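Report on the structure given below.
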Amino acid sequence: MSTHQAPNSGTYHLCKSVSSPSILKKCGAKSINNVPGRKVHFDLFNNIKIMLLNYNRNNDEDKIYYNNLICDIRDSATEIKDFELLKLLQDARNCINILNENLKLFVKVILILKWMNRSDEVVNEYRAFLLEVCTAHNYYTKFAIEQLVACFSQVDNAVYDRVNSMPSEEEERGYLNVHRILDALLKVVPLAKDLLMPAFQNKFPYKNNSADSHLHYVHNLLYVTKYEPSLRKDILSLIIKKLVEIDVHISKDELDRLESNVNIETDNIFSMDIDDNIQGKPNKTETQCFSHTIDICLLRLFVYMKTTCHNIVDSLVWDNTKSLYHDLLSVFENEILPTYNSCYIQYVIYYFLSFKMTLADNFSNWLWKKCCDVSSPITLRQAAAGYLASFLCRAPFVSNNVLKNILSEIAFWCNNYINNVDKSVKVVTEELLREHAVFYSICQAMFYIISFRHQDLMDSKRNLKFMENLRLSKIVTCKLNPLRLCCSKVVDHFAYITKIYQLTYCYSVMDSHIRITDQTIKDEWLYSFFPFGPYVLPRSKNLITPDLYRNIEIDFLNFSKTTGNISHIVSSLPDNNMDISPSMVLSPSPGKIDWLGQFVYDSNKPIFHQYYFTLLFFVLP
């Protein structure tokens, strides 16, 4: 006979387990075994086995004892001592052969016990019970997997000295116990793998859950890829999909706040985290919690990619890198590229591509092929054009040869497109924009690339000759008139650069600028976005800036030194009515924006304010 009095308080701080049948949930004062000060008795082996056998025979009296046993085990789940839990698990194993579906409550109440941070003897006995019951009765496998996966997001709230919110040593020990059992289960039950991804999906923390629970869950899913690499692409896709749902809820105000605090020291951030944990994070808004969640989860993903692709001496392992590239590219195509208004999730693939120039070159070529793929949806082709332009301008690890090759292909494509359709164009209308939206997006990408990579593209006579062969004059003067319909800030910069280098003259075309005012049409057919905007998440930004990011502000300073007086520069530019909204300028991905510009002239002489030209360089993403 084993007898124990459940103590008033437990020694474990882990969060409660996941959903289970109603009898497995505590019902307060009205529970079945509601007897004040009741002692829990486990007449182990003989009595439990006899009770289960009698319950199988539909003995009404034994049903009451059975239900009370379930509630006793449930209510003492965390308070039960290790030696008593060990004995319970051992005797439950001796009943494996009779644990049919009629006894599912007994099996489930054993599986939901708090075991992961218990002694090694308890952990091993729990492992043996779970594996044996799933092997003998495979209909318990789904519930067993769900219980194991639910452990991945359990957070010990008593821990206050985390580093980057990562699990403590004790939490890590518990997680490793879960992974060992899950790994063993996948080996002994072949069908378990098919149940794993649905369980990962169902148990993923909701976006409003704590940042720590998200990080711990992501951390554990990434660990699964070590012993089940065939699931890596699906796991990465799930993680990115869930982080996208959080990323798109980060508001512009939060981006402004982060950008204004880019110089916060990491030590101060950690101190604030400790205080927040103690006080329950009372001062954080929802969007601040979202940005914190994205920050620490991206940092974990960056570290995962780094360790996967590099050995202990920090040398790139090409086979591992190539395999991960294909997985990430698939995830990017399916989850990131179609995403509207994301802020930072696209930096997952950006950081990975920095490992080797070949990766960045291949990705650039892939984006260009996506732009030209007539079988792809128009919106994806437009998004690919925005990604291509932003990536070529921001990534310092893209070779100049690839930059010039892609620019040459873009110009060639645009010229061919004009040859095919320009004769049929008479008047630039809103209907024209609908029909040729991809053309305008690709032209806008070309204008953007030339504007902000002009120093690399025109630093020698040979390169100037290359630029002359792009036939830019034909593109800007065609009847489709992309200068009238593309983002006015990009057009302004492009017009000035091409005038300086005498490649083409855009202002005569811009003089006849036509304004399309229907905001719905603008948003629907040509959204302007450049997704790799400034990276300001405080914990993970050091992996991106400054080494892996070309800063437009630096480019502007170099540009002003080589071109002379700013007042002389701006005197030749037309006045802009600032019709493009701040959402396009400050949001690094597709937004509802006013992307069409209207130029205003005084008499026939262009007027331009000096401060606007300065703003043009500093705020354009």
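Given the residues Ser408, Ser375, Ser399, which is the only one that is out of contact with any Pro (no Cβ under 7 Å at 6 or more places or on another chain), of a type in the set (Gly, Ala, Ser), over 23 Å from Phe494 (Cα atoms) and surrounded by fewer than 17 Cβ atoms within 10 Å (Cβ to Cβ)? I'd like the intermediate steps shown before the answer.
Details: Ser408 fails: over 23 Å from Phe494 (Cα atoms); Ser399 fails: over 23 Å from Phe494 (Cα atoms).
After ruling out the rest, the residue left standing is Ser375.
When the residues of the stretch 195-248 are filtered to those that are assigned to a helix (DSSP H, G or I) and of a type in the set (Gly, Ala, Ser), which remaining residue is nearest to Arg173 (Cα to Cα)? So that I can check it myself, show each step before the final result.
Keep residues of the stretch 195-248 that are assigned to a helix (DSSP H, G or I), which gives 195-203, 211-227, 229-247.
Cutting the leftovers down to of a type in the set (Gly, Ala, Ser) gives us 199, 211, 213, 230, 237.
Details: Ala199: 22, Ala211: 20, Ser213: 16, Ser230: 25, Ser237: 27 Å.
In this case the residue turns out to be Ser213.
The rows are residues; the columns are (1) modelled with pLDDT under 95; (2) among the β-branched types (Val, Ile, Thr).
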| site | (1), (2) |
| --- | --- |
| Asp156 | yes, no |
| Val159 | yes, yes |
| Tyr175 | no, no |
| Arg180 | no, no |
| Leu185 | no, no |
| Pro190 | yes, no |
| Ala199 | no, no |
| Pro205 | no, no |
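Considering only residues that are without any contact (Cβ under 8 Å) to a residue 60 or more places away in the chain and part of a loop (DSSP other than H, G, I, E, B), which ones fall in the stretch 116-140? Outline the logic, then answer.
Just the residues of the stretch 116-140 that are without any contact (Cβ under 8 Å) to a residue 60 or more places away in the chain, to begin with: 118-140.
Once the filter is applied, which keeps residues that are without any contact (Cβ under 8 Å) to a residue 60 or more places away in the chain and part of a loop (DSSP other than H, G, I, E, B), the stretch 116-140 yields Arg118, Ser119, His137.
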- Item | Candidate set from the stretch 302-340 (those that are assigned to a helix (DSSP H, G or I) and β-branched (Val, Ile, Thr)); member that is nearest to Leu215 (Cα to Cα) | Val303
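With the structure loaded, tell me whether Ile98 is surrounded by 19 or more Cβ atoms within 10 Å (Cβ to Cβ), in the same structural domain as Met51 (by TED's automatic domain parsing) and of a type outside the set (D, E, K, R) or whether it fails that test.
Numbers: surrounded by 19 or more Cβ atoms within 10 Å (Cβ to Cβ): no; in the same structural domain as Met51 (by TED's automatic domain parsing): yes; of a type outside the set (D, E, K, R): yes.
Taking the combined requirement at face value, the residue does not satisfy it.
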- Give me the pairs, please: first residue somewhere in the stretch 185-206 and within 26 Å of Leu243 (Cβ to Cβ), second residue anywhere and among the β-branched types (Val, Ile, Thr) and part of a loop (DSSP other than H, G, I, E, B), beta-carbon distance under 8 Å, and either six or more positions apart or on two chains. Lys203/Val18
- Query: Does Asn365 count as assigned to a helix (DSSP H, G or I), polar (S, T, N, Q) and under 28 Å from the mean Cα position of the chain (by Cα)?
  - Reply: yes
- Task: Note down all Cβ pairs under 8 Å where the first residue falls in the stretch 49-62 and is closer than 25 Å to Leu89 by Cβ, the second is of a type in the set (Asp, Glu), and they're at least six residues apart or on different chains.
- Result: Lys49/Asp91; Met51/Asp62; Asn54/Asp62; Tyr55/Asp62
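Looking at Asn365, Asn400, which is the one that is in the same structural domain as Leu457 (by TED's automatic domain parsing) and either touching a helix residue (DSSP H, G or I) at 6+ places or on another chain (Cβ under 6 Å) or over 17 Å from Asp547 (Cα atoms) (or both)?
On the way: Asn365 fails: in the same structural domain as Leu457 (by TED's automatic domain parsing).
Residue meeting the stated conditions: Asn400.
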- Message: Regarding the stretch 382-396, can at least one residue be identified that is farther than 16 Å from Phe447 by Cβ, surrounded by fewer than 19 Cβ atoms within 10 Å (Cβ to Cβ), among the hydrophobic types (A, V, I, L, M, F, W, C) and in contact (Cβ under 8 Å) with a residue 40 or more places away in the chain?
- Response: no
- Selection from the stretch 227-243 of residues that are surrounded by fewer than 20 Cβ atoms within 10 Å (Cβ to Cβ), under 17 Å from the mean Cα position of the chain (by Cα) and of a type outside the set (D, E, K, R): Ser237, Leu238
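Specify the residue that is nearest to the chain's Cα centre (by Cα); the eligible residues are those in the stretch 184-200 that are exposed (fewer than 14 other Cβ atoms within 10 Å of the Cβ) and either among the charged types (D, E, K, R) or assigned by TED's automatic domain parsing to the domain that holds Leu299 (or both).
Residues of the stretch 184-200 exposed (fewer than 14 other Cβ atoms within 10 Å of the Cβ): 187-188, 190-191, 194, 198.
Still in the list and also either among the charged types (D, E, K, R) or assigned by TED's automatic domain parsing to the domain that holds Leu299 (or both): 187, 194.
Working: Lys187: 30, Asp194: 24 Å.
Step by step, filter the stretch 184-200, then rank; the result is Asp194.
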- Within the stretch 333-351, count every residue that is in contact with a helix residue (DSSP H, G or I) (Cβ under 6 Å, 6 or more places away or on another chain) and in contact (Cβ under 8 Å) with a residue 60 or more places away in the chain. 9
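To keep it simple, each residue is scored yes or no on (1) closer than 20 Å to Val107 by Cβ; (2) surrounded by 20 or more Cβ atoms within 10 Å (Cβ to Cβ); (3) touching a helix residue (DSSP H, G or I) at 6+ places or on another chain (Cβ under 8 Å).
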site: Asn124; (1), (2), (3): yes, no, no
site: Asn138; (1), (2), (3): yes, no, no
site: Lys142; (1), (2), (3): yes, no, yes
site: Gln154; (1), (2), (3): no, yes, yes
site: Ala158; (1), (2), (3): no, no, no
site: Asp161; (1), (2), (3): no, no, yes
site: Glu172; (1), (2), (3): no, no, no
site: Ala211; (1), (2), (3): no, yes, yes
- Message: Condition first: under 17 Å from Tyr347 (Cα atoms) and either of a type in the set (D, E, K, R) or not assigned by TED's automatic domain parsing to the domain that holds Ser330 (or both). Now tell me which residues in the stretch 218-253 satisfy that.
- Response: Lys241, Lys242, Glu245, Asp247
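How do the helices (runs of 4 or more DSSP H) wholly within the stretch 396-493 filter down when requiring 3 or more residues that are within 32 Å of the chain's Cα centre (by Cα) and over 16 Å from Leu367 (Cα atoms): which remain?
On the way: elements: 400-421, 430-435, 437-452, 454-457, 461-468, 472-476, 482-485.
Here the list reads 437-452.
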- Message: Can you confirm whether Phe466 is closer than 17 Å to Cys506 by Cβ and surrounded by 15 or more Cβ atoms within 10 Å (Cβ to Cβ)?
- Response: no
- Restricting attention to the stretch 262-271, does a residue exist that is aliphatic (A, V, I, L, M), at pLDDT below 85 and surrounded by 15 or more Cβ atoms within 10 Å (Cβ to Cβ)? yes
- Query: Quick check, is Leu215 closer than 22 Å to Glu121 by Cα and either among the aliphatic types (A, V, I, L, M) or not assigned by TED's automatic domain parsing to the domain that holds Glu286 (or both)?
  - Reply: no
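The values are calculated or read from the model by the stated rules, or taken from the named source; none is laboratory data. Because the structure is predicted, anything quoted here is derived from the model rather than measured. A quick note on method: Cβ atoms are made from the backbone with ideal geometry, for glycine too, and the neighbour counts reach across all protein chains shown.
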